[in-house]
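The values are calculated or read from the model by the stated rules, or taken from the named source; none is laboratory data. The structure presented is a predicted model; accordingly, all values stated were derived computationally and were not measured. Note: ideal-geometry Cβ built from the backbone for every residue, glycine included; neighbour counts use all protein chains shown.
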Amino acid sequence: MDYSQSHFLVSTDQNRLDIPYMHQCLSEKTYWATGRLYETVERSVRNSMCFGMYDTEKDRQIGFARIITDYITFAWLADVFIDPDYRGQGLGKWLVECVTNDPELNPIRRFLLATKDAEELYTKYGFTPLPEGYRYMQRMQDVK
């Protein structure tokens, strides 16, 4: 699926993704994936539904969002980023809009994400904090 706006493109075509660029952004420019290994980025992309954002005039990737899903009952939105040189243009909003309006993800019953600094953005697209007492649990391992 492709979405276009001006000279920007959002695409779910994994063949367009620039894995080295994404690894650099995730491992060096995000608080949640600092130090993530190249192989981890590559494998996580291969096993997820991905949305790449591109500047078609400069022929380069400038953003990304990854969804882990069974396509009907559950989805987890992860690894959302916009290149620092492109922030402040509404592209992050548009990327999240493309994700939340994508027909393949439309029937999802529970769509989750975690954020430290973008609650306001995600609230605009129907995400709300989990209710008090919700039993969210995790199992962590020291893997990059």
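Within the stretch 87-117, being buried (at least 16 other Cβ atoms within 10 Å of the Cβ), part of a loop (DSSP other than H, G, I, E, B) and of a type in the set (A, V, I, L, M) holds for Leu105, Ile108. Pairs linking a residue in the stretch 39-52 that is closer than 11 Å to Ile19 by Cβ to a residue that is of a type in the set (Asp, Glu) and crowded, with 16+ Cβ neighbours inside 10 Å, with Cβ atoms under 6 Å and 6 or more positions apart or on different chains, do not occur.
The residue that is nearest to Asp85 (Cα to Cα), among those in the stretch 6-21 that are surrounded by 13 or more Cβ atoms within 10 Å (Cβ to Cβ) and of a type in the set (S, T, N, Q), is Ser11. Restricted to strands (runs of 3 or more DSSP E) entirely inside the stretch 1-75, those with at least 3 residues that are under 19 Å from Leu95 (Cα atoms) and modelled with pLDDT of 95 or more are 8-11, 49-55, 60-69. Regarding Leu121, is this residue part of a loop (DSSP other than H, G, I, E, B) and not polar (S, T, N, Q)? Judged against the criteria, Leu121 is not a match. Of all residues in the stretch 22-80 being in contact with a helix residue (DSSP H, G or I) (Cβ under 9 Å, 6 or more places away or on another chain) and basic (Lys, Arg), which is surrounded by the most Cβ atoms within 10 Å (Cβ to Cβ)? Restricting to residues being in contact with a helix residue (DSSP H, G or I) (Cβ under 9 Å, 6 or more places away or on another chain) and basic (Lys, Arg), the top hit is Arg66.
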